[in-house]
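K.L.:
Following this message is one structure expressed as structure tokens.
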Amino acid sequence: MCTAVTYQTKDFYMGRTLDYEFSYGDEVTITPRGYGFVLRHPHRNLQENVFQTKYAIIGMAHVAGAYPLYYDAINEKGLGMAGLNFVGNAVYQEEKEGKDNITQFEFIPWILGNCATLEEAKTLLSRINLTKTPFSEGLPTSPLHWIIADETGAITVESMSDGLHIYDNPVGALTNNPPFEQQMFQLNNYMHLSPKQPTNQFSDELSLHTYSRGMGALGLPGDLSSMSRFVRVAFTKMHAVSGDSEKESVSQFFHILGSVDQQRGCCEVADGKYEITLYTSCCNASKGIYYYTTYENHQITAVHMHRENLDGKDLIRYPLITGEQILEQN
Ligand SMILES: C[C@H](CCC(=O)NCCS(=O)(=O)O)[C@H]1CC[C@H]2[C@@H]3[C@H](O)C[C@@H]4C[C@H](O)CC[C@]4(C)[C@H]3C[C@H](O)[C@]12C
């Protein structure tokens, strides 16, 4: 399971938890401007099907050869994108004439490398056909859906058996199944939840009282299913309050995603195998900073894209710091 959210203070933030039972070997990876991606399908306007990134990208990726296979990323213009599992619902197409045929693993670099804003991304999406061509035999196509966002808003993109769906995402959150429209519909069931204490609507004849703080959110689902995580993170995000400095915003962002953190042992996927939150990311999309924690490293680590040469030729890669960093105070 995974959860992605956006958050706005002075700057625009976006990030995700990546929950799984094993890691593909993740690295914070910067793709410089002008980096060449060879598309798997012919493109009418591109020589030898190579598109060069207009904008530099920073995100979490598995790097295969010199190819950054991004899971989530932002670009230098403040546009961000994350892919989350959508098992049983994601259906990709065969190549179609007259369309931008983009395979699932090319989708993030295609959008973030070409578009400065969500508006531009929507224009590019109107021409796209997401195809099923795999990266390699060892890395088959992943069934995903995506959240794309900038400071003006967020959308969800789902490629299903009945075609490509693009939804406005007014919550700025996404988890896994079911499809996004059903995740949104589910919120109707929780419209009575509030951070304020409830009053007795149950019966005038009974003297009911609030015996504990936090009773306004009684009924908020606490389990790890993706529908429940969607409701929980939506409630947390919609009510989150923080100062707007960088440290206050980043700290609050990790608390929002902390509401859907997955602890080892609570979600068994096979005998003795557990899904856990392998990493949590928070990108300051306005300033090009990728912050992360990992399951075993609670210290927030930051990689700044603008401290690197974004006009270089090669990928810039930072393997994750994974061991727990404990500050000995005495
Ligand atoms: C497993 C990850 C999704 C985690 C998630 O959503 N878990 C929820 C599980 S469940 O629904 O609740 O069952 C996804 C997110 C991004 C994916 C990766 C990216 O798409 C990049 C490449 C794409 C290649 O086709 C496959 C390897 C890969 C490197 C992918 C491996 C894997 O599928 C990743 C890492």
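The values are calculated or read from the model by the stated rules, or taken from the named source; none is laboratory data. Treat the numbers as computed from the prediction; the structure is a model and nothing was measured. We place every Cβ from the backbone using ideal geometry, glycine too, and count neighbours over all the protein chains shown. The protein model used for the area step is the full one, side chains on, heavy atoms only, and it has no ligands, DNA or RNA in it. Shrake-Rupley method; radii C 1.70, N 1.55, O 1.52, S 1.80 Å.
K.L.:
Taking the residues in the range 1-18 that are part of a loop (DSSP other than H, G, I, E, B) and modelled with pLDDT of 95 or more as candidates, determine which candidate is nearest to Asp72 (Cα to Cα).
P.N.:
Taking the range 1-18 first, the residues part of a loop (DSSP other than H, G, I, E, B) are 1, 9-11.
Subsequent filtering for residues that are modelled with pLDDT of 95 or more retains 9-11.
Values: Thr9: 21, Lys10: 22, Asp11: 18 Å.
Across the range 1-18, the extreme among qualifying residues is Asp11.
K.L.:
Out of everything in the range 167-177 that is assigned to a strand (DSSP E or B) and not small (Gly, Ala, Ser), what residue ends up being farthest from the ligand (Cβ to nearest atom)?
P.N.:
Restricting to residues being assigned to a strand (DSSP E or B) and not small (Gly, Ala, Ser), the top hit is Asp168.
The rows are residues; the columns are (1) modelled with pLDDT under 95; (2) surrounded by 16 or more Cβ atoms within 10 Å (Cβ to Cβ); (3) closer than 25 Å to Pro140 by Cβ; (4) hydroxyl-bearing (Ser, Thr, Tyr).
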position: Thr29; (1), (2), (3), (4): no, yes, yes, yes
position: Asn45; (1), (2), (3), (4): yes, no, no, no
position: Gly78; (1), (2), (3), (4): no, yes, no, no
position: Asn89; (1), (2), (3), (4): no, yes, yes, no
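K.L.:
Please specify each residue of the range 141-154 satisfying the condition of being crowded, with 21+ Cβ neighbours inside 10 Å and under 12 Å from Thr117 (Cα atoms).
P.N.:
Ile148, Ala149, Asp150, Ala154
K.L.:
Being closer than 30 Å to Cys267 by Cα and loosely packed, with under 11 Cβ neighbours inside 10 Å is the filter here, so list the residues in the range 186-204 that pass it.
P.N.:
Answer for the range 186-204, where residues must be closer than 30 Å to Cys267 by Cα and loosely packed, with under 11 Cβ neighbours inside 10 Å: Asn188, Met191.
K.L.:
Among (1) open to solvent by less than 40 Å² (accessible area, probe 1.4 Å); (2) more than 9 Å from the ligand (Cβ to nearest atom); (3) touching an Asp or Glu at 6+ places or on another chain (Cβ under 8 Å); (4) not hydrophobic (A, V, I, L, M, F, W, C), there is one condition Tyr67 misses while meeting the rest; what is its number?
P.N.:
For Tyr67, the failing item is (3).
K.L.:
Among the strands (runs of 3 or more DSSP E) contained in the range 119-166, which hold 3 or more residues that are under 16 Å from Gln182 (Cα atoms)? Steps first, answer last, please.
P.N.:
Numbers: elements: 128-131, 144-150, 153-160.
Counting at least 3 such residues, we get 144-150, 153-160.
K.L.:
Taking the stated definitions as given, is Ile102 in contact with a helix residue (DSSP H, G or I) (Cβ under 8 Å, 6 or more places away or on another chain) and more than 13 Å from the ligand (Cβ to nearest atom)?
P.N.:
Here the answer is no, as Ile102 does not meet what is asked.
K.L.:
A follow-up question, please. Which ones in the range 40-63 are closer than 21 Å to Asp311 by Cα and within 16 Å of the ligand (Cβ to nearest atom)?
P.N.:
Ile57, Ile58, Gly59, Met60, Ala61, Val63
K.L.:
Determine whether Thr123 is open to solvent by 20 Å² or more (accessible area, probe 1.4 Å), without any contact (Cβ under 8 Å) to a residue 60 or more places away in the chain, within 25 Å of Tyr290 (Cβ to Cβ) and of a type in the set (Ser, Thr, Tyr).
P.N.:
So Thr123 does not fit the description; no.
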